[in-house]
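Since every read-out is calculated from the coordinates, none of them should be taken as a lab result. Worth saying up front: this structure is predicted, and the values here are computed from it rather than measured. Cβ placement follows ideal geometry from the backbone for every residue including glycine, while neighbour counts extend to all protein chains displayed.
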Amino acid sequence: MKVFLDANVLVSVLNKEYPLYTWSSRVLSLHGIGDVQLYTSPLCLAIAFYFTGKKSGDNVANRKLRMLCGHISISSMDGSVVGQVLSDRRITDFEDGLEYYSALQSGCDYIVTEDGGDFWFSSIQVMDCRGFLQYLKQK
């Protein structure tokens with residue numbers, strides 16, 4: 001199962017933002033367990049770097065991102081993804097559109113985000129961290 005992680009999930013882990021960290025860190029720890037493959041996009045990584053750098057400095061942010069990238073897969077974002085976003089009239093937030101089509105192009109089955117309403121148009125199932133963990137527990 002391929003799971004796309006939104007930037008807000010990454011930021012909560014890298015900055016240990018409670019109470020979400022309790023759930024987001026558990027989601028991140030699932031990579032490679034069973035058939036779980038975690039993905040994120042270059043854009044999500046850039047957002048995570050920005051917010052981690054603001055909190056801890058760029059050197060710490062760089063170290064944390066290198067560690068993170070060693071444990072998850074990175075989806076593609078190319079001209080095709082941009083074109084899909086621009087031609088999809090349902091999408092009002094360009095960033096969310098890029099993340100969605102990047103996840104779709106990578107064959108992701110789920111998008112895990114704390115802003116599920118931003119992906120109302122998604123054909124991929126969208127869950128928050130806690131909901132995704134509960135789903136896996138029942139599965």
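Couple of notes before you dig in:
- Spin-label model distance (nm) - residue 80 vs residue 120, 7 Å beyond Cα toward Cβ: 2.9
- Residue of 69, 44, 108 that the Gaussian network model of the chain assigns the largest fluctuation, springs spanning Cα pairs under 10 Å: 69
- Distance from the alpha carbon centroid of region 91-124 to that of region 41-88 works out to 15 angstrom.
- Multiplying the residue separation of residue 95 and residue 59 by 0.36 nm and removing their Cα-Cα distance gives an extension gain of 10.4 nm.
- Per-residue [θ]222 nm for the chain (sum of -39500 (n - 2.57) over DSSP H runs n ≥ 4, rounded to 500): -16000 deg cm²/dmol
- Sorting 124, 33 from the fewest to the most surrounding beta carbons within 10 angstrom yields 33, 124.
- The charge dipole of the chain, taken about its Cα centre with unit charges on the Cβ atoms of Lys, Arg (+1), Asp and Glu (-1) only, comes to about 560 debye.
- Three semi-axes of the equivalent ellipsoid, region 2-138, Cα gyration tensor, whole Å, largest first: 22, 18, 14
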